[in-house]
Ligand SMILES: [Zn+2]
C-alpha cells in the first residue's frame with residue numbers, strides 16, 4: 001500500500017473513530033412511598049399505587065428513547081430486587097452515611113455556612129422509609145445516575161379526609177440552594193415544570209404557588225448533602241382532585257402527566273447537550 005493510499009484509508013477511518021459514542025443518561029424513577037407506608041389516601045385510592053402507575057408510564061416513555069437508560073425502584077410487585085438487596089445488605093453502611101452527613105450539615109448550620117431554610121411542611125418519613133430514601137441517594141451516586149425523578153400526589157393535614165380538600169394543582173420541588181446538587185437540579189426542575197404547566201394549574205397552596213419550590217429537608221432531594229446528582233420531586237396534584245376521581249380519569253391524566261414529564265426531561269438534556277460541557281452527574 002502506497003503512502004497516499006494509507007493516508008486516504010486513515011482519513012476514511014477517522015470519522016468512524018471520532019464519532020464519540022454518545023452515552024445515554026441514566027434516569028432513576030422513584031414512585032413515592034411503598035406498600036408498607038403508602039402516603040396519603042382518598043376514598044380507598046392509595047397514593048403509593050398512583051405513584052407506581054404514573055412512574056411506570058414514565059418508565060415506558062424513557063425506555064423507548066435510546067438517549068436514556070432508565071431504572072425504577074419498585075413496581076406492582078414491590079421493590080426491584082436490586083434495591084431490596086441494596087437496602088438489606090447495606091443497612092449499617094446507610095445508617096453510618098446518614099449519621100455522618102447529618103453531622104457535617106449540622107456543623108455547617110452551626111458555623112453559619114448554611115442557613116436553615118423554612119421548608120413547606122411534610123409528614124416525617126418512618127424510620128424504614130428514611131433508610132430507603134437515603135439508600136436510594138447513595139445508590140444513585142454510586143451508579144452514576146444523571147437524574148432522579150420522585151413521583152408523588154399531594155395532600156395536607158386535614159380532619160375530614162373523606163371529603164375533598166381545598167387546594168389543587170401541581171408543584172415541582174427542587175433542592176434548596178445550600179444543597180450541593182441544587183445548581184444542577186434547578187434547571188431540570190424548571191424544564192419539567194414548564195412542560196407540565198402547559199396543561200396543569202400550579203398548586204394554589206400559598207407556599208407552593210411559585211410552582212417550583214426549593215426545599216432543604218426532603219431526603220429525596222438530597223437533604224444533608226447526601227446526593228450529588230440532580231433530583232426533582234413532583235407533586236402532580238392533590239389526591240382528592242376531581243380530575244383523579246375515577247379510574248379512567250386518573251388513567252388519562254397520568255398518561256398525559258407522564259408524557260409531559262418525559263418531554264421536560266428530554267428537553268433539559270437536549271439543552272444540556274448543546275452546551276459545551278459534559279452531561280453526567
Ligand atoms: Zn407523597
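The values are calculated or read from the model by the stated rules, or taken from the named source; none is laboratory data. Since the model is a prediction, treat every value here as computed from it, not as a measurement. Note that each Cβ is placed from the backbone with ideal geometry, even for glycine, and that neighbours are counted across all protein chains shown.
Among 240, 262, which is within 16 Å of the ligand (Cβ to nearest atom), more than 26 Å from residue 117 (Cβ to Cβ), crowded, with 23+ Cβ neighbours inside 10 Å and at pLDDT 95 or above? Explain how you work it out, then say what you get.
Details: 262 fails: within 16 Å of the ligand (Cβ to nearest atom).
On inspection, the qualifying residue turns out to be 240.
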Checklist line | residue 164 being away from the ligand (no atom under 16 Å from the Cβ), surrounded by fewer than 19 Cβ atoms within 10 Å (Cβ to Cβ) and on the phi < 0 side of the Ramachandran plot | finding: yes
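What residue, of 121, 156, is within 15 Å of the ligand (Cβ to nearest atom), more than 17 Å from the chain's Cα centre (by Cα) and surrounded by 14 or more Cβ atoms within 10 Å (Cβ to Cβ)?
Values: 121 fails: surrounded by 14 or more Cβ atoms within 10 Å (Cβ to Cβ).
It is 156.
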Item checked: Within the range 197-228, considering residues that are away from the ligand (no atom under 16 Å from the Cβ) and buried (at least 24 other Cβ atoms within 10 Å of the Cβ), the one farthest from residue 124 (Cα to Cα) -> 227
Item checked: Number of the exception - residue 11 against (1) at pLDDT below 55; (2) in contact with a helix residue (DSSP H, G or I) (Cβ under 6 Å, 6 or more places away or on another chain) -> (2)
Next item on the list: Exactly one condition in (1) farther than 24 Å from residue 87 by Cβ; (2) within 16 Å of the ligand (Cβ to nearest atom) is not met by residue 182; state its number.
Entry: (2)
Check: Looking only at residues in the range 38-74 that are closer than 21 Å to residue 140 by Cβ and assigned to a strand (DSSP E or B), which one is nearest to the ligand (Cβ to nearest atom)?
Finding: 74
Notebook entry, point to check: What do you reckon, is residue 173 buried (at least 18 other Cβ atoms within 10 Å of the Cβ), at pLDDT 95 or above, within 16 Å of the ligand (Cβ to nearest atom) and part of a loop (DSSP other than H, G, I, E, B)?
Noted result: no
Notebook entry, point to check: If you check every pair at least six apart or on different chains, which have Cβ atoms under 6 Å apart with a residue in the range 228-245 that is more than 15 Å from residue 174 (Cβ to Cβ) first and a residue that is within 11 Å of the ligand (Cβ to nearest atom) second?
Noted result: 236/153; 238/154; 239/40; 239/47; 239/153; 239/155
Next item on the list: Could you list all residues from the range 20-32 that are touching a helix residue (DSSP H, G or I) at 6+ places or on another chain (Cβ under 8 Å) and away from the ligand (no atom under 12 Å from the Cβ)?
Entry: 25, 27, 28, 29
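Does residue 35 satisfy the condition of being part of a helix (DSSP H, G or I) and either exposed (fewer than 13 other Cβ atoms within 10 Å of the Cβ) or within 16 Å of the ligand (Cβ to nearest atom) (or both)?
Values: part of a helix (DSSP H, G or I): no; either exposed (fewer than 13 other Cβ atoms within 10 Å of the Cβ) or within 16 Å of the ligand (Cβ to nearest atom) (or both): yes.
No.
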Item checked: Tally, over the range 53-79, of residues that are farther than 22 Å from residue 266 by Cβ and surrounded by 21 or more Cβ atoms within 10 Å (Cβ to Cβ) -> 1
Note to self: So for the range 247-256 (the condition being within 16 Å of the ligand (Cβ to nearest atom) and either in a helix (DSSP H, G or I) or in contact (Cβ under 8 Å) with a residue 60 or more places away in the chain (or both)), does at least one residue qualify?
What the structure shows: yes
Check: Taking the range 96-118, which residues are surrounded by 15 or more Cβ atoms within 10 Å (Cβ to Cβ) and under 16 Å from residue 219 (Cβ atoms)?
Finding: 97, 98, 101, 102, 105
Item checked: Selection within the range 133-153 - within 16 Å of the ligand (Cβ to nearest atom) and in a helix (DSSP H, G or I) -> 133, 136
